[in-house]
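The values are calculated or read from the model by the stated rules, or taken from the named source; none is laboratory data. Owing to the predicted nature of the structure, the values given are computational and were not obtained by experimental measurement. Here the Cβ positions follow ideal geometry from the backbone for every residue, glycine too, while neighbour counts run over all protein chains shown.
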Amino acid sequence: MRVLVTGGAGYIGSIVALRLVESGDAVTVLDDLSTGHRDAVPAGAAFVLGRVHDAAELLAGRRFDAVVHLAASSLVAESVANPAKYEENNVVGSRRLVAALAGLGADRLVFSSSAAVYGEPDEVPITEDAPARPVNPYGASKLAVDGLLAEQASLGLLGAVSLRYFNVAGAYGGLGERHDPESHLVPIALEAALGLRPGLAIYGDDYPTRDGTCVRDYIHVADLAAAHLAALERAVPGRHRVYNLGNGTGFTVREVLSAVEAVTARSLEVTIGPRRAGDPAVLVASSARAASELGWVPERPEIATMIADAWRVLLARRS
Ligand code: UDP
């Protein structure tokens, strides 16, 4: 398959691109490098610098079978401070990309949606039928694109799949998380273990959970990438399907930090800070639909595996 990967210089996108290259697909990465890294684009993939908004012009003359669309702004706090940026980059950009698809020959698209579309869930595990009530502009932007894809599919123009990621961690093929600023728990804890930061704060320990800290559903980035490949295989023109991707098992913040201490054999300086605005107590996915329709089951469900893989890449990067 000839596959266009937007955002293929980012953490998840580069690993999706690498898995596609490894499986023999012809991959082109489109990325504006606003947050991605040129050196994360796998050898063997073509690279085009630019925004998804300009896909038609930038990719004129090239032909694709399918698109994996991951290019997006993805910081929840920034989306609250600057919602217009999220409308422009995520919603308008996606609309422009979708409008360019016919000219590029592609009739299948896999989209990186998010658990953030659900907001505060009434019930866990969260199924795809749970009400989508995002509590920040980031989640709203992802939901808007899911709606756009559903509409395009119903017109028969496209086969689309929205993959709603829960918490992603780990590394693959030497590629790991490199956000600036970093806001995610696992890389922050690993940086603290390495002495790159003095320690870290737990955002609230008074939640109604087994140890008072928030429960999240972590999946290994290689498992996540595998779901994209499975979704590409099964995207059928005229249909839009949504899949939640998680382990179905949650870990508390304290459990994650204990696993980081065990894997790194270092102790962390941990303080208890206030709750972070907009953090639900428990977010755990039901991935039953992905299992039955995509045949997708996480192969690396252990949090220790995700942490060990991320740790190895962080150490290699610092050496
Ligand atoms: N968290 C924390 N301290 C940090 C970063 C994150 O306690 O320095 C918590 C956060 O409140 C959430 C969990 O760790 O409950 C995962 O947060 P992350 O930002 O990694 O992912 P999110 O759940 O926001 O997508």
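Could you identify the single residue in L155, L229, L149, L196 that is touching a helix residue (DSSP H, G or I) at 6+ places or on another chain (Cβ under 7 Å) and not charged (D, E, K, R)?
L229
Quick one: would you say P187 is at pLDDT 95 or above and part of a loop (DSSP other than H, G, I, E, B)?
Considered against the rule, which asks whether it is at pLDDT 95 or above and part of a loop (DSSP other than H, G, I, E, B), P187 comes out as no.
Write out, first by first residue and then by second, each pair whose Cβ atoms fall under 8 Å of each other, whose residues are 6+ apart or on separate chains, and whose first residue, in the stretch 81-105, is at positive phi while the second is of a type in the set (A, V, I, L, M, F, W, C) and assigned to a loop (DSSP other than H, G, I, E, B).
Qualifying pairs under 8 Å: G105/F64.
Condition test on A144, is it more than 9 Å from the ligand (Cβ to nearest atom), aliphatic (A, V, I, L, M) and either farther than 21 Å from F64 by Cα or touching a residue at least 24 places away in the same chain (Cβ under 8 Å) (or both)?
yes
So, in the stretch 236-256, of the ones that are modelled with pLDDT under 95 and in contact with a Gly (Cβ under 7 Å, 6 or more places away or on another chain), which residue ends up surrounded by the most Cβ atoms within 10 Å (Cβ to Cβ)?
Here the residue is V236.
Inspect all residues belonging to the stretch 279-300 and state whether any of them is touching a residue at least 60 places away in the same chain (Cβ under 8 Å), closer than 15 Å to D223 by Cβ, in contact with a His (Cβ under 8 Å, 6 or more places away or on another chain) and surrounded by 14 or more Cβ atoms within 10 Å (Cβ to Cβ).
yes
What strands (runs of 3 or more DSSP E), lying completely within the stretch 198-295, carry at least 2 residues that are more than 10 Å from the ligand (Cβ to nearest atom)?
218-220, 240-245
Does S141 satisfy being touching an Asp or Glu at 6+ places or on another chain (Cβ under 9 Å) and hydroxyl-bearing (S, T, Y)?
Yes; evaluated as a whole, the condition is true for this residue.
Got a sec? Which of L4, L20 is more than 17 Å from E177 (Cβ to Cβ), part of a helix (DSSP H, G or I) and of a type in the set (A, V, I, L, M, F, W, C)?
None of the other options fit; the residue is L20.
Show the residue pairs that are 6+ apart or on different chains and have beta-carbon atoms under 6 Å apart, the first residue being within the stretch 174-187 and closer than 25 Å to E22 by Cβ, the second being assigned to a strand (DSSP E or B).
Final answer for the pair search is V186/A169.
Would you point out the residue of the stretch 68-81, among those that are over 21 Å from D279 (Cα atoms) and touching a His at 6+ places or on another chain (Cβ under 9 Å), that is surrounded by the most Cβ atoms within 10 Å (Cβ to Cβ)?
Going through the qualifying residues, I end up with V68.
Restricting attention to the stretch 40-66, which residues are within 20 Å of I15 (Cβ to Cβ) and either assigned to a helix (DSSP H, G or I) or among the β-branched types (V, I, T) (or both)?
Within the stretch 40-66, A40, V41, V48, V52 meet the criteria.
Output the number of residues of the stretch 203-220 satisfying the condition of being in contact with a Lys or Arg (Cβ under 7 Å, 6 or more places away or on another chain) and on the phi < 0 side of the Ramachandran plot.
4
State yes or no: is A231 buried (at least 23 other Cβ atoms within 10 Å of the Cβ) and either farther than 23 Å from L283 by Cβ or at pLDDT below 95 (or both)?
no
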